[in-house]
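The values are calculated or read from the model by the stated rules, or taken from the named source; none is laboratory data. Predicted model only: the values in this text are computed from it and were never measured. Quick reminder, even Gly has a Cβ in these numbers, built from the backbone with ideal geometry, and neighbours come from all protein chains shown.
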Amino acid sequence: MTTPDPGGDARFWTQLEMVNAALPDGLRAVAGPEGATPGSSVAPGYAELDGHVLVPAQDLERAGNMVQDLVPGEADPRVVWPPEHDAGRVSVRRLYVGDRSARLVADTLTARRMRATPVHLVSVAGVNLCPGDEPVPASGPLRPPPGARDAGAGVRVTVLDTGLVPGYLDHPWLAAGSGDPAIPAVDGDVTDEVTGGVIGPYTGHGTFVAGVVRCTAPAADVRVHRTFPYAGAVPEDELGLAVRDTLGAHGWPDIVSLSAGTRTRDAAALLGLADFMAELTLHPETVLVAAAGNDGGTDPFWPAAYAGQPVNASGDLVVSVGALREDGLGRACFSNHGDWVTVYAQGERLVNAFASGQYTYGYPHCASCRHSDTPLYSGCTCVGVMKAGDTATFTGLAQWSGTSFATPIVAGLIAARMSEAGISSRQAARQLVAGRLSVPDLSGYLR
């Protein structure tokens, strides 16, 4: 059972419009599960591509024949992804099934003992389709985090996110250390443009995440790659290939920090990430640290939910991260939770690097907690001063909440432990899971 979210639906529909405006021509996202429409009694749980299904490549011919028989006279189903030159590298195929119900097609194929799913949209936000709250301006100077400046030295952290904002190296936590060769500059894809001085939704997300990593592991080699190009979202199959391409081109790092995910139909693992997960098992030097999501419930959020699967039996392949309250006294109201969540770290009102420019708030204002009929605690981030249509000016720093930002704390903590003890990322992850490596209270340094 998930915790009720009385104010979340409006946020979902607002973000779904943004995603659809950003998707390439010919693609449209719809809400799942079946029956989730604005104003209906069915709450939206995830987004999926309309008219498309994923099937294993080995079942393609059989699946195509069955789809054609399902509704004779409709246009023949056709493969629309992956590109032909990548077909040999990907074990799934995306079928366009036309006006047929993609859910009916998936159910029919599943009943015939084929694995078939809708094409889920993986987002930097989850079903709330915004982190725990929207960013608000913050000001410095910021205190440097405690611990050695060489924490994380020799460790590579790859952040898969929205990219970096132009001028990100103007922020002292992202630039190379002044006179200290042990502190490398953050590097990566500068793709989060601020057009005409206007900060778009989710612009700065990757920059903020990178800054949080640097606060817990100042000397780590942090690289940010743009893997969520459509308003902070991407179809699951495209993400799976993009991640493998990115890591193949730049090398598999010690730590992959992924502040994104989705719930799924029937809580099933993402078929589009199967190839990536299989390849991850072949890279013992790499651990995936993934956000548990901001739905305030217990439903699995993928790929973080792999932390609770047999593939993660040793506890060191995937570390899933939930968010703690600002005061450290418990779980943040928006944080997903359950036995598949590995560890929790501060996730409320962190302050870090962001874009500069004008931001317009786009989500309905909440007067009470979105995730419970009864307020869980004083200071809940659901209650904010900004309302839809309000504007604010940012000057390179923001205050933001979400499991998105608890995740890089843990990624940086693993990096710091690696350099301190001379151990691998998975050894450090095992220590974290076993409780031999505690999550420090950084609330006085990241805000």
>> Can you tell me which of (1) part of a helix (DSSP H, G or I); (2) under 20 Å from PRO131 (Cβ atoms); (3) of a type in the set (A, V, I, L, M, F, W, C) is the one LEU169 doesn't meet?
In response: (2)
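Listed here are the residues, each with its yes/no results for (1) charged (D, E, K, R); (2) part of a loop (DSSP other than H, G, I, E, B); (3) under 26 Å from GLY261 (Cβ atoms); (4) outside the structural domain of GLY293 (by TED's automatic domain parsing).
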| position | (1), (2), (3), (4) |
| --- | --- |
| GLY140 | no, yes, no, no |
| GLY152 | no, yes, yes, no |
| VAL159 | no, no, yes, no |
| VAL213 | no, no, yes, no |
| ASP237 | yes, no, yes, no |
> From VAL198, VAL224, which residue is at pLDDT 95 or above, aliphatic (A, V, I, L, M) and closer than 21 Å to ALA138 by Cα?
Replying inline: VAL198
> Which one is surrounded by the most Cβ atoms within 10 Å (Cβ to Cβ), of the residues in the range 383-425 that are among the polar types (S, T, N, Q) and out of contact with any helix residue (DSSP H, G or I) (no Cβ under 8 Å at 6 or more places or on another chain)?
Replying inline: THR403
>> With the structure loaded, tell me whether VAL321 is of a type in the set (Val, Ile, Thr) and buried (at least 24 other Cβ atoms within 10 Å of the Cβ) or whether it fails that test.
In response: yes
>> So ALA36 ticks every box in (1) loosely packed, with under 13 Cβ neighbours inside 10 Å; (2) free of Cβ contacts under 8 Å to residues at least 60 places away in the same chain; (3) more than 23 Å from ARG113 (Cβ to Cβ) but one. Which box is left unticked?
In response: (1)
> What single numbered condition from (1) farther than 24 Å from TYR230 by Cβ; (2) in contact (Cβ under 8 Å) with a residue 12 or more places away in the chain fails to hold for PRO72?
Replying inline: (2)
> Can you name the residue in the range 74-123 that is out of contact with any helix residue (DSSP H, G or I) (no Cβ under 8 Å at 6 or more places or on another chain) and among the polar types (S, T, N, Q) and is also surrounded by the fewest Cβ atoms within 10 Å (Cβ to Cβ) among such residues?
Replying inline: THR110
> Restricting the range 128-137 to residues that are over 11 Å from the mean Cα position of the chain (by Cα) and part of a loop (DSSP other than H, G, I, E, B), which is modelled with the highest pLDDT?
Replying inline: PRO135
